[in-house]
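The values are calculated or read from the model by the stated rules, or taken from the named source; none is laboratory data. Please read all numbers here as calculations on a predicted model, not as lab measurements. Backbone-built Cβ (ideal geometry, glycine too); neighbour counts: all protein chains shown.
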Amino acid sequence: MSVAAPTAPAPTEIGPAESRHGSALRDIWVVTRRGLLHMRRQPEVLADATFQPVMFVLLFAYVFGGAIAVPGGGNYKEFLMGGIFAQTIVFGGSFGVAIGIAADRKNGAMDRFRALPMARSAVLGGHASANLLKILLPMLLMSICGLIVGWRIRTGFLDALAGYGLLILFAFAMIWVGVLIGSMLSSPEAVQGVAFVAIFPLTFIASTFVPSATLPGVLRTFAEWNPVSSLADSLRVLFGNPHAGAGPGAPWSLQHPITYTLLCSAAIVAVCAPLAIRRFHRSIAD
Amino acid sequence: MAPANAIEAHGLRKRYGDTDALAGVDLAVPAGSVCGLLGPNGAGKTTAVRILTTLANPDQGSACVAGFDLAAEPMEVRRRIGLAAQDATVDALLSGFENLLMIGELHHIPRRTAKARAEELLEQFNLEDARDKLVRDYSGGMRRRLDLAATLVAGPEVLFLDEPTTGLDPRARNELWEVLETLVGAGTTILLTTQYLEEADRLADEIVVIDHGRVIARGDSSQLKRQVGGEQVLLVPARADDLPRAVAILERVCGAPATVDAPARRVTVPTDDGVSALGAVVDELRTQSIAVEDLGLHQPTLDDVFLTLTGSAPTGEETGVEQDREREPEAAAR
């Protein structure tokens, strides 16, 4: 017999159930910490936040970059960075949290949490905040990588801060999209599929890598109103990098990229958050 | 004041689509006892556990666990129970220690106390050496032990174990049984589901047999066995030709109709005076010089109980194990 007999009462005095009190914030923090440990221990899942953006910077800066002209003749590497920042945040913000929630539902972790006396909001809150913290990693890596290939922030400290702040805000909005996807699909594999088929292309039909003016007809209109474009353009403006600019006939979204990005973030949260929360609670009930 | 019944359920019903997962189940489990919920796959065992642990709401009926109504005060129930689900749901990407600490913190035990408690449980379950190993590198038996340890972090009054030994090898199963017996000795109320008849027989004070969402029998194992009948004389003649004569001997000696399993050449007949009946059968067999492959007194097993009550043997153990494997967290694939 290799298992020692559990003795009772427990030598460590844990106190009666009614003496224990918690708070939702502390519960969220416990689940957040778990989420961060998960990321650290699954580097392959973290690839969307590490390897992928760095690869895109290098790929587009050195492989495709020579063939792409920036309107007004600006430096393509500087044009590129706003786009890759935007793409990484849109994709990474939604993808990680969706995978995490789908995996927890599939492997029974969700049930274990629900049978514990923790705050109801802690699982969702923990996933969301862990993924929001995770976003800081690609932001840092891309900035370093960008600096190495020749990108510079040519504005002041406050503008730069506003740029990074806008990224975090948009990441927050995308997390709700991720919660919605993760609550609707039954497995991490399905999430992977949807993310690459639906979200990934959306980040390309935008001024991410090429100025939207170069796109044909419908795609061009889509790109002009795609918030990925406005996020990328906002960053180019805030970092003082070359951007497509907005001629007199350009749509409103291009003329006011920052305002349009803020409006889009608010709209995404307003639509997706209530849907996502309802869907999430339905997906784990019964 | 401790409630007399740690679990009390009245008329629990739950429908999933067209099927009644539970079709009106009553339960009363006295504090400090072990209730074994026995039934084949799909009988409604897991649904019952999910309802009693607040994971699912019944369509009808009510239940109290640890003295609190499930519908009215689910949080109070959660503070007093431990649940080990069918697949060990400990976190594969955390170490054993981190798993126990997290559960303790989510029970709102102060961090320092939760740490001490985690260490203590790792030692009790002989997992100190695997303290900092990630659970994805644990063996199935270790994972189950940790899962059970995790349910004990907050000193639960009522423990729910859903098929705690499915997928374990016999040695690991025996180890787990011994742990559970110790817990019962310490006064914890346990409700366990199982499709292993041997397990219910060994651990449970009361066995509740359910099938298709209904309780079809309840009682301790000897009561259940009595429902099937008492002792039986079992005879397997060496040659199939001797079968009719063997049947005749048994029926004459015991004065009751025999049950014949012809392909197995197995004849059984109930008896009231076991040993002397057996002696008489031996004499007759010798007189008629019938060669015997097996002869003895047979206690009905819970398998027999199940056959008598439901008309079919409990099945599905294999698929249960397969599902367990499939549902390993994908992290293990790395």
By residue number, the members of segment B:115-157 that are polar (S, T, N, Q), more than 26 Å from A:Pro117 (Cα to Cα) and more than 8 Å from every other protein chain (Cβ to nearest Cβ) are B:Ser139
Log entry, pairs with first residue in segment A:97-108 being within 11 Å of another protein chain (Cβ to nearest Cβ), second being basic (Lys, Arg), beta carbons closer than 7 Å, six or more apart or on different chains, reads A:Asn107/B:Arg327
When segment B:158-173 is checked residue by residue, the ones that are more than 15 Å from B:Ala88 (Cα to Cα) and assigned to a helix (DSSP H, G or I) are B:Pro170, B:Arg171
Test for A:Ala223: is it surrounded by fewer than 16 Cβ atoms within 10 Å (Cβ to Cβ) and either at pLDDT 95 or above or more than 21 Å from A:Leu59 (Cα to Cα) (or both):
no
Selection from segment B:112-131 of residues out of contact with any Leu (no Cβ under 8 Å at 6 or more places or on another chain) and of a type in the set (Lys, Arg) yields B:Arg112
| query | Do we have any residue at all in segment A:203-220 that's closer than 22 Å to A:Gly178 by Cα, in a helix (DSSP H, G or I) and either modelled with pLDDT under 90 or not hydroxyl-bearing (Ser, Thr, Tyr) (or both)? | reply | no
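Quick check: anything in segment B:159-168 within 11 Å of another protein chain (Cβ to nearest Cβ), closer than 22 Å to A:Leu116 by Cα, crowded, with 24+ Cβ neighbours inside 10 Å and of a type in the set (D, E, K, R)?
If we filter segment B:159-168 for residues that are within 11 Å of another protein chain (Cβ to nearest Cβ), which is where we start, we get B:160, B:162.
Going one step further and asking which of them are closer than 22 Å to A:Leu116 by Cα, we end up with B:160, B:162.
With crowded, with 24+ Cβ neighbours inside 10 Å added as a condition, the list becomes B:160.
Subset that is of a type in the set (D, E, K, R): none.
Among the residues of segment B:159-168, not one is within 11 Å of another protein chain (Cβ to nearest Cβ), closer than 22 Å to A:Leu116 by Cα, crowded, with 24+ Cβ neighbours inside 10 Å and of a type in the set (D, E, K, R), which makes the answer no.
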Picking from B:Leu52, B:Leu93, the residue that is within 13 Å of chain A (Cβ to nearest Cβ), touching a residue at least 24 places away in the same chain (Cβ under 8 Å) and within 25 Å of B:Met142 (Cβ to Cβ) would be B:Leu93
Note on segment A:33-61: residues more than 14 Å from chain B (Cβ to nearest Cβ) and in contact with a helix residue (DSSP H, G or I) (Cβ under 8 Å, 6 or more places away or on another chain) are A:Asp48, A:Ala49, A:Thr50, A:Gln52, A:Pro53, A:Val54, A:Phe56, A:Val57, A:Leu58, A:Phe60, A:Ala61
Here, strands (runs of 3 or more DSSP E) confined to segment B:174-292 with at least 1 residues that are at pLDDT below 85 and more than 30 Å from B:Ala154 (Cα to Cα) are B:232-237, B:259-261, B:266-270
B:Phe68 fails exactly one of (1) more than 8 Å from chain A (Cβ to nearest Cβ); (2) surrounded by fewer than 24 Cβ atoms within 10 Å (Cβ to Cβ); (3) touching a helix residue (DSSP H, G or I) at 6+ places or on another chain (Cβ under 7 Å); (4) touching a residue at least 40 places away in the same chain (Cβ under 8 Å), namely (4)
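Looking for something in a loop (DSSP other than H, G, I, E, B) and over 23 Å from the mean Cα position of the chain (by Cα) - is there at least one such residue anywhere in segment B:60-68?
First pass over segment B:60-68, keeping only residues in a loop (DSSP other than H, G, I, E, B): B:66-67.
With the extra rule that they be over 23 Å from the mean Cα position of the chain (by Cα), the set shrinks to B:67.
Yes; the residues of segment B:60-68 include at least one that is in a loop (DSSP other than H, G, I, E, B) and over 23 Å from the mean Cα position of the chain (by Cα).
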Residues in segment A:227-280 that are closer than 17 Å to A:Phe79 by Cβ and buried (at least 21 other Cβ atoms within 10 Å of the Cβ) total 16
Picked from segment B:72-90 (must be at the interface with chain A (Cβ under 7 Å from one of its Cβ atoms) and not hydrophobic (A, V, I, L, M, F, W, C)), the residue surrounded by the most Cβ atoms within 10 Å (Cβ to Cβ) is B:Arg78
Among (1) of a type outside the set (Val, Ile, Thr); (2) out of contact with any Lys or Arg (no Cβ under 8 Å at 6 or more places or on another chain); (3) crowded, with 21+ Cβ neighbours inside 10 Å; (4) assigned to a helix (DSSP H, G or I), B:Gly155 falls short only on (4)
